[in-house]
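The values are calculated or read from the model by the stated rules, or taken from the named source; none is laboratory data. What you are looking at is a predicted structure, and each value in this text was computed from that prediction instead of being measured. Because the Cβ atoms are built from the backbone with ideal geometry, glycine has one as well, and the counts that use them run over all protein chains shown.
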Amino acid sequence: VRALSMGKLHHAMMGTAAVAIATASAVPGTLVNLAAGGGDRTDVTFGHPSGTLRVGAEASQVNGQWTATKAIMSRSARILMEGWVRVPGDSF
């Protein structure tokens, strides 16, 4: 899954795609679940162009249909900008 950003392929994984992967891995027997090792899973770590991402999900069967009951994702913080702000001394 690759996303376009400003007309170019994005280098990282989209959050919505990551949560979809986690949810699919939580449903036994899906291709994603089997690729992740099969069985009952509550989290999965996968690689993408910028590194790896660990995401989680829980799913249960309700009336014969699989329903996502929980999705877990976190992103690491990084500095986006640094700068200076000049505040006049008489502003306090």
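Regarding A12, is this residue in a helix (DSSP H, G or I), surrounded by 13 or more Cβ atoms within 10 Å (Cβ to Cβ) and modelled with pLDDT under 90?
Taking the combined requirement at face value, the residue does not satisfy it.
So, in region 27-47, of the ones that are without any contact (Cβ under 8 Å) to a residue 12 or more places away in the chain and of a type in the set (S, T, N, Q), which residue ends up surrounded by the most Cβ atoms within 10 Å (Cβ to Cβ)?
At the first step, the residues of region 27-47 found to be without any contact (Cβ under 8 Å) to a residue 12 or more places away in the chain are 29-31, 33-39, 45, 47.
Filter once more, so that each one left must be of a type in the set (S, T, N, Q): 30, 33, 45.
On the way: T30: 16, N33: 19, T45: 10.
Ranking the qualifying residues of region 27-47, first place goes to N33.
Yes or no: S50 within 21 Å of M13 (Cα to Cα), hydroxyl-bearing (S, T, Y) and crowded, with 16+ Cβ neighbours inside 10 Å?
On the way: within 21 Å of M13 (Cα to Cα): yes; hydroxyl-bearing (S, T, Y): yes; crowded, with 16+ Cβ neighbours inside 10 Å: no.
Criteria not met by S50.
Go through region 65-81 and report how many residues are of a type in the set (D, E, K, R) and either exposed (fewer than 10 other Cβ atoms within 10 Å of the Cβ) or outside any strand (DSSP E or B) (or both). Walk me through how you get there before you give the answer.
From region 65-81, those of a type in the set (D, E, K, R) are 70, 75, 78; that's our starting set.
After this cut, where a residue has to be either exposed (fewer than 10 other Cβ atoms within 10 Å of the Cβ) or outside any strand (DSSP E or B) (or both) as well, the list is 75, 78.
Final tally of qualifying residues: 2.
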Within region 26-64, the count of residues that are closer than 18 Å to S74 by Cβ, modelled with pLDDT of 95 or more and outside any strand (DSSP E or B) comes to 1
